[in-house]
1. Among 200, 100, 185, which is the only one that is touching a strand residue (DSSP E or B) at 6+ places or on another chain (Cβ under 6 Å) and among the acidic types (Asp, Glu)?
2. Considering the range 60-116 alone, what residues qualify as being within 20 Å of residue 47 (Cβ to Cβ), within 16 Å of the chain's Cα centre (by Cα) and among the aliphatic types (A, V, I, L, M)?
3. So which of 26, 89 ends up being closer than 21 Å to residue 215 by Cβ, crowded, with 19+ Cβ neighbours inside 10 Å, touching an Asp or Glu at 6+ places or on another chain (Cβ under 8 Å) and hydrophobic (A, V, I, L, M, F, W, C)?
4. Kindly provide the set of residues from the range 17-33 that are part of a helix (DSSP H, G or I) and touching a residue at least 40 places away in the same chain (Cβ under 8 Å), ordered by number.
5. Would you kindly identify the helices (runs of 4 or more DSSP H) lying entirely within the range 94-210 that contain at least 1 residues that are modelled with pLDDT of 95 or more, among the small types (Gly, Ala, Ser) and touching a His at 6+ places or on another chain (Cβ under 7 Å)?
6. Which condition does residue 126 not pass, out of (1) farther than 26 Å from residue 159 by Cα; (2) buried (at least 20 other Cβ atoms within 10 Å of the Cβ), if it passes all the others?
7. Condition first: in contact with a strand residue (DSSP E or B) (Cβ under 8 Å, 6 or more places away or on another chain), surrounded by 19 or more Cβ atoms within 10 Å (Cβ to Cβ) and not in a loop (DSSP other than H, G, I, E, B). Now tell me which residues in the range 58-75 satisfy that.
Amino acid sequence: MSAYLLLNILIVLVPLVLSFERRLRFYQNWTAYGFSVAIVSTLFIFWDAFATNRGDWAFNSIYTIGWEIFGLPIEEIMFFITVPYSVIFIYETLNAYIEDYFYSTRRIVFLVFSIIFFILSFFVIGQNYTHILFLFISFSFFLMYFIKKSIAQTQNFWLTIVISYIPFLIVNYLLTSIPIVTYNDFENFGIRIITIPIEDLGYSFAMISMWLLFYDLGKRLFSKYE
C-alpha cells in the first residue's frame with residue numbers, strides 16, 4: 001500500500017464509520033455530497049492536471065502505486081473524494097450538535113472580496129499557482145454572493161472552515177515533508193509554513209467553501225424530489 005493511499009484511508013475512515021450515527025445520519029445526505037464532489041472536485045482535478053503538466057507541482061512516484069488518470073496519481077483523484085467527505089461531515093456534525101447562527105452580513109461584501117482577488121490575480125500573473133489560486137478564491141466569493149440564502153452567511157459554515165484547517169495542516173505537512181508532493185517555488189510566493197506553501201491556505205479555503213456551498217445547494221435541490 002502506498003503512503004498516499006494510506007493517507008486517503010485515514011482521512012475518511014472515522015467520518016465514514018460515524019456516518020451511520022443515529023443523530024447525524026450523514027449517509028442520508030450522500031446524494032448532496034456526490035453533487036458537490038461532481039462539480040467542485042472535477043473543477044479542481046482539471047486545474048490539478050493542468051498545473052502538474054505545466055510543472056507548478058509534482059508527485060513523488062515512490063509514494064504512489066503508479067496508476068494515473070489525466071497524468072495524476074490515482075491517490076490524488078481519491079484525495080478529492082475523501083477530503084470533501086470529511087469536511088462536509090464536520091459541517092453536518094456541527095449542525096447536529098451546535099445551534100447555527102445566521103449573520104445579517106450584506107451579500108455585497110462577498111462581491112467586493114471577489115473583485116479584490118480578481119484584480120490581485122493580475123499582479124501575480126507570472127506566478128502560475130498564485131495567479132490561478134486568486135482566480136479560484138475570487139470565484140468562491142462570487143458564489144457566496146451569487147447563491148441566494150447562501151450558507152456563507154452562517155456561523156457553522158465559517159466554523160467548519162476554521163476547524164478543517166487543523167487536519168488540513170497535518171495532512172498537508174505530511175504531503176510536503178515526506179514529500180509526496182513537491183512544489184516549483186518559481187510559480188508561487190516561495191513562502192512556507194514549515195514545509196507548506198502559503199498558497200495552500202488559500203487553496204484549502206477555496207475548495208472547502210465551494211464544497212460546502214454546492215453541498216448545501218444540492219441538499220436544497222434534491223429535497224424537492226423527496
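1. 100
2. Result: 77, 78, 81, 83, 87.
3. Being closer than 21 Å to residue 215 by Cβ, crowded, with 19+ Cβ neighbours inside 10 Å, touching an Asp or Glu at 6+ places or on another chain (Cβ under 8 Å) and hydrophobic (A, V, I, L, M, F, W, C) holds for just one of 26, 89, which is 26.
4. Listed by number, the residues that qualify are 18, 26, 29, 31, 32, 33.
5. The helices (runs of 4 or more DSSP H) meeting that bar are 108-121.
6. Failed condition: (2).
7. Selection gives 59, 72, 73.
Per-residue answers, yes or no, for (1) free of Cβ contacts under 8 Å to residues at least 60 places away in the same chain; (2) of a type in the set (A, V, I, L, M):
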site: 65; (1), (2): no, yes
site: 80; (1), (2): yes, no
site: 83; (1), (2): no, yes
site: 90; (1), (2): no, yes
site: 99; (1), (2): yes, no
site: 110; (1), (2): yes, no
site: 123; (1), (2): yes, no
site: 127; (1), (2): no, no
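The values are calculated or read from the model by the stated rules, or taken from the named source; none is laboratory data. Since the structure is predicted, the reported quantities are computational estimates derived from the model, not experimental observations. Positions of Cβ are generated from backbone atoms using ideal geometry, with glycine treated the same way; all protein chains shown enter the neighbour counts.
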